[in-house]
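Have a look at the structure below, then the notes.
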Amino acid sequence: MTNPFDLTGRVAVVTGANTGIGQAIALALAAAGADVACVGRTPAEETVAKARQLGRRAEIVSADLSTIEPVQGVVDETVEKLGGLDILVNNAGIIRRADAVDFTEEDWDAVVDTNLKSVFFLSQAAGRHMIGQGKGRIINIASMLTFQGGIRVPSYTASKSGIGGLTKLLANEWAAKGISVNAIAPGYIATNNTAALQADEARNRSIMERIPAGRWGDPADLGGAAVFLASDAAAYVNGHILAVDGGWLAR
Ligand code: NAP
């Protein structure tokens, strides 16, 4: 019987693949058989080296996704270097923290442009390619703040809530064209993005107390969900936001 989770021969684009969740997802997809284009502003040399050690083709694609200027180039360079584009993981993202009364326009625009605007326009560029071939997978990285309000992160909450809606809209428009669009909502994962929370003793304790699994997530905890949503096993899963949160939302 063929393995429905096998990604052999598929080409995946992962944004923000040099570190954290993006690196872990890129390597999980590679371990499942996919070749990977590692997109970002910091060259993902370690990720590419590890993917090649797994026997996959892997390439660095340089792009600063704070604007939409590079999005078509990401698709073109991936197709040119790896011969196709089957899976897009929109992972690159930033966060800015300040009280709502003090929050600046710069902190609003920087986060929304990277986390939401570039995600849409990169999905559009990749979607045009995928629609042309009649199949494809897009996986957006959402957040607990796709469902909850959070605190001191207004532009991040707006962007990740927007990702939830955008995931469903794209699923609605593209499911019948063979493109599955879904999202993964990570819980509290130990990465650069959450370094400030991990370092804040009081916040760290209150977060830990609420996680039924009793620990912060590791980036590798996201790998299985990404492989599933990228694979044939998820052929009839559309517009879903899959929480990988150690039970946080169940509390
Ligand atoms: P991270 O370690 O800070 O990684 C963020 C990634 O995004 C890095 O590769 C970063 O590249 C890239 N990036 C940021 N701005 C970029 C830009 N303008 N152009 C290209 N790449 C850019 O954080 P992470 O926790 O792995 O975050 C990955 C995703 O998961 C984000 O969307 C985040 O919101 C989401 N998330 C994280 C958690 C968590 O608990 N950690 C929870 C929910 C959702 P550089 O290294 O060059 O900055």
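Values for this structure:
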| read-out | value |
| --- | --- |
| Considering residues of the range 180-197 that are in a helix (DSSP H, G or I) and near the ligand (Cβ under 7 Å from one of its atoms) only, the residue farthest from Ala12 (Cα to Cα) | Thr194 |
| Positions within the range 220-248 being surrounded by 18 or more Cβ atoms within 10 Å (Cβ to Cβ) and among the charged types (D, E, K, R), in sequence order | Asp221, Asp245 |
| Some residue of the range 112-131 being open to solvent by 30 Å² or more (accessible area, probe 1.4 Å), farther than 18 Å from Pro70 by Cβ and of a type outside the set (A, V, I, L, M, F, W, C) | no |
| Cβ pairs under 9 Å, 6+ apart, first in the range 183-205 and closer than 15 Å to Ala220 by Cβ, second open to solvent by 50 Å² or more (accessible area, probe 1.4 Å) and within 11 Å of the ligand (Cβ to nearest atom) | Pro186/Asp221; Gly187/Asp221; Tyr188/Gln198; Ile189/Asp218; Ile189/Asp221; Ala190/Gln198; Ala190/Asp218; Thr191/Thr19 |
| Qualifying residue in the range 158-166 (condition: buried (at least 16 other Cβ atoms within 10 Å of the Cβ) and out of contact with any Leu (no Cβ under 9 Å at 6 or more places or on another chain)) | yes |
| All positions within the range 34-57 that are acidic (Asp, Glu) and open to solvent by 70 Å² or more (accessible area, probe 1.4 Å) | Glu45, Glu46 |
| Qualifying residues in the range 172-189 (those that are aliphatic (A, V, I, L, M) and surrounded by fewer than 20 Cβ atoms within 10 Å (Cβ to Cβ)) - the one nearest to Gln124 (Cα to Cα) | Ala175 |
| Gly217 being within 9 Å of the ligand (Cβ to nearest atom), in contact (Cβ under 8 Å) with a residue 60 or more places away in the chain and under 19 Å from Phe147 (Cα atoms) | no |
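The values are calculated or read from the model by the stated rules, or taken from the named source; none is laboratory data. Source: prediction; values computed, not measured. As a convention, Cβ positions derive from the backbone with ideal geometry for all residues, glycine included, and neighbour counts pool all protein chains shown. Protein only, heavy atoms only, side chains kept; ligands, DNA and RNA dropped before computing areas. Shrake-Rupley method; radii C 1.70, N 1.55, O 1.52, S 1.80 Å.
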